Amino acid sequence: MAIYNIMEAQKNASPYGRYTPPSFSGILIPAKIAWFVQELPSFLVPVLLLYRSGSLETLGCKLLLFMFCGHYFHRTFIYAVLNRGHPTPISTAVFATIFCTFNGYLQGYSMIYCTEYDNSWTSDWRFISGIVLFVLGMGINIHSDYIIRNLRNPGDVVYNIPKGGLFEYISGANFFGEILEWSGYAIATWSFPAFSFAVFSASFVGPRAYHHHRYYLEKFDDYPKSRKAVIPFIF
């Protein structure tokens with residue numbers, strides 16, 4: 001029964017990482033390369049837009065664009081290099097690259113050409129609370145990734161129960177951190193493209209966290225039953 005349910009989780013989840021079907025016969029690329037290539041546009045495109053436009057006028061604009069590019073600098077040049085995940089189907093990497101290119105352009109173009117923040121914006125409650133949420137979420141995300149990365153030795157393919165940090169309360173601590181990040185960014189930016197991206201991120205990584213939670217429950221008999229999937233004490 002447990003094997004059946006794990007197979008069901010693999011079938012319903014996005015087909016990459018641990019959920020790549022065993023019978024997959026397409027092209028797989030190393031996780032490090034996949035993450036580097038697909039995350040790079042989200043960093044590079046806004047930087048190129050900024051280079052072409054000259055410079056941002058206010059401190060608020062500079063900080064907001066720095067938040068977005070800072071996240072993807074980490075994902076491209078640090079997280080991707082340290083990644084020990086399973087090889088990724090090339091189709092998944094291609095679609096992710098297309099999305100990151102489009103989203104990087106949308107967020108960068110909106111910030112540089114379509115929004116205006118006067119000098120008082122940095123003292124607005126939306127900016128301050130958004131910055132706090134973003135920094136908190138990024139810290140949770142990085143710390144959770146560190147815990148996951150050190151669950152296995154290099155070359156190991158066996159999954160273990162994550163412990164420490166918010167993993168004591170939820171199975172998807174890294175995903176919860178990312179949801180907090182982009183929710184904070186949306187509030188600090190107070191723009192439609194940022195809110196759209198925050199909703200998309202939550203709708204993508206939320207189900208991913210749920211699939212991880214279900215996977216752990218089925219795979220490990222001693223998995224803590226008190227843990228939730230993605231939101232502490234709630235879901």
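The values are calculated or read from the model by the stated rules, or taken from the named source; none is laboratory data. Because the structure is predicted, anything quoted here is derived from the model rather than measured. Glycine also receives a Cβ, built like all others from the backbone with ideal geometry; neighbour counts cover every protein chain displayed. Surface areas here come from the heavy atoms of the whole protein model, side chains and all, with no ligands, DNA or RNA. Shrake-Rupley method; radii C 1.70, N 1.55, O 1.52, S 1.80 Å.
Any chance you could count how many residues in segment 117-159 are in contact with a Gly (Cβ under 8 Å, 6 or more places away or on another chain) and under 18 Å from G177 (Cα atoms)?
Within segment 117-159, residues that are in contact with a Gly (Cβ under 8 Å, 6 or more places away or on another chain) and under 18 Å from G177 (Cα atoms) number 17.
Please go through (1) at pLDDT 95 or above; (2) assigned to a loop (DSSP other than H, G, I, E, B) for S201 and return the number of the only condition it doesn't satisfy.
(2)
What's the number of the only condition in (1) farther than 18 Å from S191 by Cα; (2) open to solvent by less than 30 Å² (accessible area, probe 1.4 Å); (3) touching a residue at least 60 places away in the same chain (Cβ under 8 Å) that L28 fails to meet?
That leaves (2) as the condition not met.
Being touching a residue at least 40 places away in the same chain (Cβ under 8 Å), in contact with a Lys or Arg (Cβ under 9 Å, 6 or more places away or on another chain) and more than 20 Å from F99 (Cα to Cα), is that true of even one residue in segment 190-197?
So far as segment 190-197 goes, yes, one or more of its residues are touching a residue at least 40 places away in the same chain (Cβ under 8 Å), in contact with a Lys or Arg (Cβ under 9 Å, 6 or more places away or on another chain) and more than 20 Å from F99 (Cα to Cα).
Return yes when R126 is over 21 Å from L44 (Cβ atoms), open to solvent by 40 Å² or more (accessible area, probe 1.4 Å) and either modelled with pLDDT under 95 or hydrophobic (A, V, I, L, M, F, W, C) (or both) and no when it is not. Step through it out loud before you land on a result.
Numbers: over 21 Å from L44 (Cβ atoms): yes; open to solvent by 40 Å² or more (accessible area, probe 1.4 Å): yes; either modelled with pLDDT under 95 or hydrophobic (A, V, I, L, M, F, W, C) (or both): no.
No, not satisfied.
Which one of these is over 18 Å from S203 (Cα atoms), hydroxyl-bearing (S, T, Y) and outside any helix (DSSP H, G or I): Y146, Y109, Y117? Before you say what the answer is, go through the steps one by one.
Values: Y146 fails: outside any helix (DSSP H, G or I); Y109 fails: outside any helix (DSSP H, G or I).
Only one candidate passes the filter, namely Y117.
Looking only at segment 87-119, which residues are open to solvent by less than 70 Å² (accessible area, probe 1.4 Å) and closer than 16 Å to K62 by Cβ?
Result: Q107, G108, S110, M111, I112, T115, Y117.
If the requirement is being out of contact with any Lys or Arg (no Cβ under 7 Å at 6 or more places or on another chain), crowded, with 18+ Cβ neighbours inside 10 Å, β-branched (V, I, T) and touching a residue at least 40 places away in the same chain (Cβ under 8 Å), which of these qualifies: I170, I161, I140?
Numbers: I170 fails: out of contact with any Lys or Arg (no Cβ under 7 Å at 6 or more places or on another chain); I161 fails: crowded, with 18+ Cβ neighbours inside 10 Å.
Answer to the check: I140.
Might you check whether a residue that is farther than 20 Å from K219 by Cβ and outside any helix (DSSP H, G or I) occurs anywhere in segment 179-196?
For segment 179-196, residues farther than 20 Å from K219 by Cβ and outside any helix (DSSP H, G or I): present.
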